[in-house]
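Asks: Below you'll find the structure I mean.
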Amino acid sequence: MRHDGRKPDQLRKISFQRGFTASAGGSVLIRCGSTHVLCTAMIEPGVPDWLKGKGAGWLTAEYAMLPSSTPSRKRRDAGKPDGRSVEIQRLIGRVLRSVVNLTALSENTLWLDCDVLQADGGTRTAAITGAYVALRDAVAAAKKKKLFAGNPITGQVAAVSVGMVGGKAVLDLDYAEDSTAEVDMNVAMLSSGAFVEIQASAERAAFSPQQFSAMLKLASMGIRKLHKLQNSAR
């Protein structure tokens, strides 16, 4: 048992609250234990200059942590986000673009905004998992308005963290585990079982191929559960 009573292969309690805000085409409040992230998806006409006239759309993401999302106040990203936020929003954009046919978007930009209301580890993976649900709702709303023909969504994706804590592979780390982990890994996977992104770092000790395999197996199992929860989200 872990410090919060979970088994090594057990996710935190996950919930999705769709339609959390009124203005966005898709909005979801995802709760992963004590990590809460608001994910919104909005589609606007137009694309970056380098895409104009090419008949394709674009998907981009922004990520931020609210000042009160952590025990000590986090300064707002005024104008220019910090390096961590830039890295995470690029990750979110890359992962979600893996399940979108940009040509089918026509010359529209799909914005994903992920704001961390409360952080207790796993904010980037929660943002990816929640953003997919928001994306799906935004696309459905846009299709009703006939902003584009067909369905640009080509697959399903979710993400989870895994790590080596106390020499054992564990799934879905909270902050207490993440801050003491020997190895920290984030995995994004499609419903087909194909991997989109794997980020693995030896925080305190190098990890063996056997440990990597054990973590990847846990992540795959956890993400399959997340796919089911995404599909049943209300």
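The values are calculated or read from the model by the stated rules, or taken from the named source; none is laboratory data. Values in this document were obtained by computation on a predicted structure and should not be read as measured data. Here Cβ is always computed from backbone atoms with ideal geometry, including for glycine, and neighbour counts include all displayed protein chains.
Asks: Can you tell me which residue among ALA188, ALA219 is under 21 Å from THR35 (Cα atoms), modelled with pLDDT of 95 or more, in a strand (DSSP E or B) and not charged (D, E, K, R)?
Replies: Working: ALA219 fails: in a strand (DSSP E or B).
Answer to the check: ALA188.
Asks: What residue, of ALA126, ALA169, is under 20 Å from PHE20 (Cα atoms) and of a type in the set (A, V, I, L, M, F, W, C)?
Replies: Working: ALA169 fails: under 20 Å from PHE20 (Cα atoms).
Going through ALA126, ALA169 in turn, the sole match is ALA126.
Rundown of residues vs (1) β-branched (Val, Ile, Thr); (2) buried (at least 18 other Cβ atoms within 10 Å of the Cβ); (3) under 22 Å from LEU102 (Cβ atoms), yes/no style:
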{"residue": "GLY33", "(1), (2), (3)": "no, yes, no"}
{"residue": "THR40", "(1), (2), (3)": "yes, yes, yes"}
{"residue": "VAL47", "(1), (2), (3)": "yes, yes, yes"}
{"residue": "ALA61", "(1), (2), (3)": "no, yes, yes"}
{"residue": "LEU66", "(1), (2), (3)": "no, no, no"}
{"residue": "SER69", "(1), (2), (3)": "no, yes, no"}
{"residue": "LYS74", "(1), (2), (3)": "no, no, no"}
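Asks: Could you say which residue among PRO48, PRO71, PRO81 is over 22 Å from the mean Cα position of the chain (by Cα), of a type outside the set (D, E, K, R) and farther than 30 Å from LEU147 by Cα? Spell out how you get there, then give the answer.
Replies: Numbers: PRO48 fails: farther than 30 Å from LEU147 by Cα; PRO81 fails: over 22 Å from the mean Cα position of the chain (by Cα).
Unique residue meeting the criteria: PRO71.
Asks: Report yes if some residue within the stretch 147-168 is surrounded by fewer than 24 Cβ atoms within 10 Å (Cβ to Cβ), among the basic types (Lys, Arg) and in a helix (DSSP H, G or I); otherwise report no.
Replies: no
Asks: Can you name the residue in the stretch 191-203 that is of a type in the set (S, T, N, Q) and assigned to a loop (DSSP other than H, G, I, E, B) and, of all such residues, is nearest to GLN10 (Cα to Cα)?
Replies: Going through the stretch 191-203, the residues of a type in the set (S, T, N, Q) turn out to be 191-192, 199, 201.
Pick out the ones that are also assigned to a loop (DSSP other than H, G, I, E, B) and you get 191-192.
Working: SER191: 19, SER192: 22 Å.
Across the stretch 191-203, the extreme among qualifying residues is SER191.
Asks: Would you be able to say whether some residue in the stretch 83-106 is touching a residue at least 60 places away in the same chain (Cβ under 8 Å), in contact with an Asp or Glu (Cβ under 7 Å, 6 or more places away or on another chain), in a helix (DSSP H, G or I) and buried (at least 21 other Cβ atoms within 10 Å of the Cβ)?
Replies: yes
Asks: Are any residues in the stretch 209-234 of a type in the set (Ser, Thr, Tyr) and either surrounded by 14 or more Cβ atoms within 10 Å (Cβ to Cβ) or over 20 Å from ASP9 (Cβ atoms) (or both), and if so, which ones? Walk me through it before giving the result.
Replies: Here is the first cut: in the stretch 209-234, the residues of a type in the set (Ser, Thr, Tyr) are 213, 220, 232.
Matches in the stretch 209-234: SER220, SER232.
Asks: Can you spot a residue in the stretch 123-142 that is touching a residue at least 60 places away in the same chain (Cβ under 8 Å), over 13 Å from the mean Cα position of the chain (by Cα), surrounded by 18 or more Cβ atoms within 10 Å (Cβ to Cβ) and part of a loop (DSSP other than H, G, I, E, B)?
Replies: No, the conditions are met nowhere in the stretch 123-142.
Every residue, every condition in (1) touching a residue at least 24 places away in the same chain (Cβ under 8 Å); (2) closer than 21 Å to TRP111 by Cα; (3) of a type in the set (Phe, Trp, Tyr); (4) not in a loop (DSSP other than H, G, I, E, B), yes or no:
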| position | (1), (2), (3), (4) |
| --- | --- |
| LEU11 | yes, no, no, no |
| THR21 | no, yes, no, no |
| ALA24 | yes, yes, no, no |
| SER27 | yes, yes, no, yes |
| ILE30 | yes, yes, no, yes |
| CYS39 | yes, yes, no, yes |
| ILE43 | yes, yes, no, yes |
| VAL47 | yes, yes, no, no |
| TRP50 | no, yes, yes, yes |
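Asks: Within the group ALA181, ALA206, which residue is crowded, with 21+ Cβ neighbours inside 10 Å and either modelled with pLDDT under 95 or assigned to a loop (DSSP other than H, G, I, E, B) (or both)?
Replies: Numbers: ALA206 fails: crowded, with 21+ Cβ neighbours inside 10 Å.
None of the other options fit; the residue is ALA181.
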